[in-house]
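In what follows, a single structure is set out as structure tokens and then discussed.
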Amino acid sequence: MPAISSKKPYRIGRSQTGLGLFATKPIKKGSKIVRYFGPLLDCKKKKDEAVENKYLFELNGRWTIDGSVRENIARYINHACKPNAESDVKPRKRKVFIRAIKNIEPGEEINYDYGTDYFKAYLKPIGCKCAACEKKRKKQRAEARAEKARLKAKAERKALKKAEKLAKAKAKLKEQAERKAKRTLKLNGHSLNGKSVNGKSGVDKSLNGKHLNGNSRVRVAGKKSGGERPTATTRQTPAPRRPSRLSLPRYLNSHPPGLRTDFGSDESPKSTAER
């Protein structure tokens, strides 16, 4: 690394892209900072045309400065898309100076734009690492993260909406199944609510005075309902009533003559003519 006089307003230091040139004193806008110098190459000569390195500074179509020499401090100045300095080219004098285009504070890195050709040939394939490009990439990364988060949130909302829709569909199916289960209580036309059973009269298992299998009204034995005559729990055919011995000859005139009617009386029977 070349030695730099303490009177110079710059120093060589470490930057993001390697070595760089940094201000040690305030540098005013428009002032010359350092000269870019080196051997002059004549493009009309084959040996000069064959020289290839990253420090070639073209003055015009014929002359080019080879800035790869160690004494050229200006070669440590890095490229920037938004620089604080620029190259002041003087083709006739075959000289190049680096001039400040902004006020540069101590500790700030000095940089200038290398030009479109150099950028496309050397910087674009690897990516520019200047502060402006780093800031731009940082912004792009932040935007990409924000977009990713937005898409994730959108996907979550979509999944939640789909889950809610599915839950509603399941609830609807469940409700339909419950209604269907209620309707299927009518097995083969039977019903427990007093409705028709295969076209016949209704059936009700209760004993509250309703119809049972289409027969007469039946109540529980021992209970009364609205002054009606109590009936048996089930309908039965009454047994024949045995007549009383004393009530048989109720009307004697209706019996034929000679019929015994005393049934153990001491008196002799009288004939019909005597009565």
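Expressed as a whole number of Å, what is the distance separating the alpha-carbon centroids of the range 53-112 and the range 28-45? The two parts, judged by their Cα centres, are 6 Å apart. P(r) for the range 1-100: what percent of alpha-carbon pairs falls in each 5 Å bin, starting at zero? It works out to 2, 12, 21, 23, 20, 12, 7, 2, 0, in whole percents. Rounded to whole numbers, the Karplus 3J(HN,Hα) couplings from phi for the range 151-165 are 5, 5, 4, 5, 5, 5, 5, 5, 5, 5, 5, 5, 5, 4, 5 Hz, using 6.51 cos²θ - 1.76 cosθ + 1.60 with θ = phi - 60°, and x at Gly and Pro. Under 5 Å between amide hydrogens, built in the peptide plane, is the criterion, and for residue 84 it picks out 111 among residues at least 5 positions away or on other chains. Extending 7 Å from Cα along the Cβ direction at residue 152 and again at residue 180 yields two label points whose distance is 4.2 nm.
Each residue of the range 4-16 was assigned a 3J(HN,Hα) from its phi angle through the Karplus curve 6.51 cos²θ - 1.76 cosθ + 1.60 (θ = phi - 60°); the sequence is 10, 5, 5, 6, 6, x, 8, 8, 9, x, 7, 10, 5 Hz, with glycine and proline shown as x. Potential lengthening of the chain between residue 51 and residue 113 amounts to 20.1 nm, from the contour at 0.36 nm per residue minus the alpha-carbon distance.
Pairwise inverse Cα distances across the range 15-165, averaged and inverted, put the Kirkwood hydrodynamic radius at 18.3 Å.
So, counting K/R as plus one and D/E as minus one, what does the shell of residues with Cβ under 13 Å around residue 16 add up to? Spell out each step's value before the answer.
Working: positive: 14, 129, 135, 137, 138; negative: 109, 134.
Local net charge: +3.
For residue 56, nonlocal amide neighbours, meaning residues 5 or more places apart or on other chains whose placed amide H falls under 5 Å from its own, are 67.
Over all directions, what mean area does the Cα convex hull of the range 54-106 project, stated in square nanometres?
Working: hull surface 18.6 nm².
About 4.7 nm², averaged over all directions.
Note on residue 131 and residue 163: the model spin-label points, each 7 Å out from Cα along the C-beta direction, lie 4.8 nm apart. Remark: for residue pairs 25/54; 152/174; 28/82; 93/129, the C-alpha separation exceeds 25 Å in 25/54; 152/174; 93/129. Taking amide H positions as modeled 1.01 Å from N, with prolines and chain starts lacking one, the residues under 5 Å from residue 103 and 5 or more places away or on another chain are 29.
Each value in this text was obtained by applying a stated rule to the coordinates, not by laboratory testing. Given the structure is predicted, the values throughout are model-derived calculations rather than measurements. So basically every Cβ, Gly included, is an ideal-geometry build from the backbone, and we count neighbours across all protein chains shown.
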